Amino acid sequence: MENLPILKDLHIRITSSCNFNCPHCYAADWFGDKFELSIEEIKSLVDQAIELGCKKVTFTGGEPLVAKCIVEAIDYCLSKGLRVEVETNGVLVDKIIEGLGKEKVKKVEFAISYDGVKMRDEKFAKQVRDNIVKVSKLGCDVKIQTVLTKLNIDEFDDIFQFSRDNNIRNRCFLAHSPNGNGKNLSLFEIKEWLTIVKKLKEKYPHVIVELPDVLSGGMQKKCGWGVHRCEVMPNGDVTSCAPITFNKREFIAGNIKKQKLKDIWASKHFKDIRNLKQSDFEKPCSKCIYWKTCLGACRSISSSTGGKLLSPHPFCKTLYDAIKENKIDRELIPNTELVDAWIKGIDDDNFKPNEELYELVVRKQHKLI
Ligand SMILES: C[S@@+](CC[C@H](N)C(=O)[O-])C[C@H]1O[C@@H](n2cnc3c(N)ncnc32)[C@H](O)[C@@H]1O
Ligand code: SF4
Ligand code: SF4
């Protein structure tokens, strides 16, 4: 078999069930299916992932903490020396603290969702906040994940003040994927997006904003789509992007109940993604100076708003149109100098990927110049 990239990051969507039904949730169409991976399936999967170079496993779902074998599954991964992250709504964290014990639980990394009270189950909001503080005080690595939408934008200060007061990292998604329950929620207009980004940067600089690079004006940690990350769905299907698969069940590379993970990792689904070139994407991505650091941003949001897997991110498309039509206040645009170069590249009929410019963008984003 040819050389394969390291599978650094394995996401296990351990169950399709959840104890909530959030109004933005992309996974909601699967709640009725009651799929759940067994401990034997997880152990075999983790062993195979280690052979492919895996160093970190993320348990998510649905809600991973409602899964029967979650404590045993985490314990198994820790015993193999893996980093373990649990992405959770935060209500049931005691199950892990009690199941693993206060010493072992310190090794678990938590990504706990907190989007204020209106996006979640209101009666649990205080419990979630208390649990975030609790795992942080136990010594666990914890970050808060927030999705901002029109439903919770008026809770903006409460949400980010909470993470700042408690000195806890906060990762903010400024666009939701319009799938599952999220189909019924409209996205922000471009002026609203830019205003929120500006306010976040000025008032809550500790917040990491997940946006295409041209808008965030900052270096983002990429999801590693197809290249070094893979996701296993609650029914054993394997995909490069679960939010897409929750919406489009046929978007899969194989199934761990029938095939070896190595064969799935080497399959056409992953190969096609690894072979994608910038020019395969639609404009503006195809002619974007941020390409090397952005790689087209979130494919779930882009494909569900644009209709194709390689459609542009809606932010970038609307930003480009708004600038060309003089419909946007330049004061709102972060990094105007680079945005101007971005527009110039897109408008250039002879655009060619420019390694030097890419280098400049990366260094600027890293604040090296
Ligand atoms: C699907 S949930 C699964 C884990 C857990 N139940 C939780 O809520 O954290 C994982 C993350 O995706 C976010 N999420 C859910 N629906 C989304 C959507 N339509 N667009 C973007 N993020 C979404 C959640 O807010 C959460 O931070
Ligand atoms: S976002 Fe998480 S907690 Fe909310 S319904 Fe979806 S899976 Fe459940
Ligand atoms: S145009 Fe495409 S590659 Fe460029 S910043 Fe936007 S999403 Fe990223």
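Table for the structure above
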read-out	value
Residue within the stretch 274-290 that is away from ligand 3 (no atom under 15 Å from the Cβ) and either part of a helix (DSSP H, G or I) or farther than 23 Å from Leu185 by Cα (or both) present	yes
Scope the stretch 326-349; condition assigned to a loop (DSSP other than H, G, I, E, B) and over 12 Å from Ser286 (Cα atoms); matching residues	Asn326, Lys327, Ile328, Asp329, Ile333, Pro334, Asn335
The stretch 142-167 residues that are at positive phi, paired with ones that are more than 16 Å from ligand 3 (Cβ to nearest atom) and of a type in the set (S, T, N, Q) (beta carbon under 9 Å, 6 or more apart)	Asn167/Ser136
Single residue of the stretch 277-313 satisfying the filter (over 19 Å from Val227 (Cβ atoms) and charged (D, E, K, R)) that is farthest from ligand 1 (Cβ to nearest atom)	Lys287
Residue match in the stretch 314-329 (condition: touching a residue at least 12 places away in the same chain (Cβ under 8 Å) and within 16 Å of ligand 1 (Cβ to nearest atom))	yes
Among the residues listed as Gly236, Gly182, the single one being buried (at least 17 other Cβ atoms within 10 Å of the Cβ), at positive phi and either touching a residue at least 12 places away in the same chain (Cβ under 8 Å) or within 16 Å of ligand 2 (Cβ to nearest atom) (or both)	Gly236
Subset of the stretch 291-314 (residues that are over 16 Å from the mean Cα position of the chain (by Cα) and within 7 Å of ligand 3 (Cβ to nearest atom))	Trp291, Pro312
Subset tally (residues that are crowded, with 18+ Cβ neighbours inside 10 Å, closer than 18 Å to Asp47 by Cα, touching a residue at least 24 places away in the same chain (Cβ under 8 Å) and not aliphatic (A, V, I, L, M)) for the stretch 253-300	1
Of residues in the stretch 6-40 being over 24 Å from Gly180 (Cβ atoms) and modelled with pLDDT of 95 or more, the one farthest from ligand 2 (Cβ to nearest atom)	Glu40
Val108 vs. criteria farther than 29 Å from Leu151 by Cβ and β-branched (Val, Ile, Thr)	yes
Condition check for Ile6: assigned to a loop (DSSP other than H, G, I, E, B) and among the β-branched types (Val, Ile, Thr)	yes
Evaluation of Thr60 against (1) buried (at least 19 other Cβ atoms within 10 Å of the Cβ); (2) in contact (Cβ under 8 Å) with a residue 40 or more places away in the chain; (3) farther than 24 Å from Cys22 by Cβ (one fails), failing number	(3)
Enumeration of residues in the stretch 1-47 that are among the β-branched types (Val, Ile, Thr) and surrounded by fewer than 19 Cβ atoms within 10 Å (Cβ to Cβ)	Ile6, Ile39
Every residue from the stretch 56-94 that is within 14 Å of ligand 1 (Cβ to nearest atom), more than 17 Å from the chain's Cα centre (by Cα) and either of a type in the set (D, E, K, R) or not in a helix (DSSP H, G or I) (or both)	Ala67, Gly90, Val91, Leu92
Selection status of Val66, within 16 Å of ligand 2 (Cβ to nearest atom), in contact (Cβ under 8 Å) with a residue 60 or more places away in the chain and surrounded by fewer than 24 Cβ atoms within 10 Å (Cβ to Cβ)	no
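Each row is one residue, and each column tells you yes or no for (1) at pLDDT below 95; (2) within 27 Å of Pro212 (Cβ to Cβ).
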{"position": "Ile97", "(1), (2)": "no, no"}
{"position": "Glu122", "(1), (2)": "yes, no"}
{"position": "Glu155", "(1), (2)": "no, yes"}
{"position": "Asn166", "(1), (2)": "no, no"}
{"position": "Ser177", "(1), (2)": "yes, yes"}
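The values are calculated or read from the model by the stated rules, or taken from the named source; none is laboratory data. Computed from a predicted model, the values in this text were never measured in an experiment. When we count neighbours, we look across all protein chains shown, and the Cβ atoms used for this are built from the backbone with ideal geometry, even at glycine.
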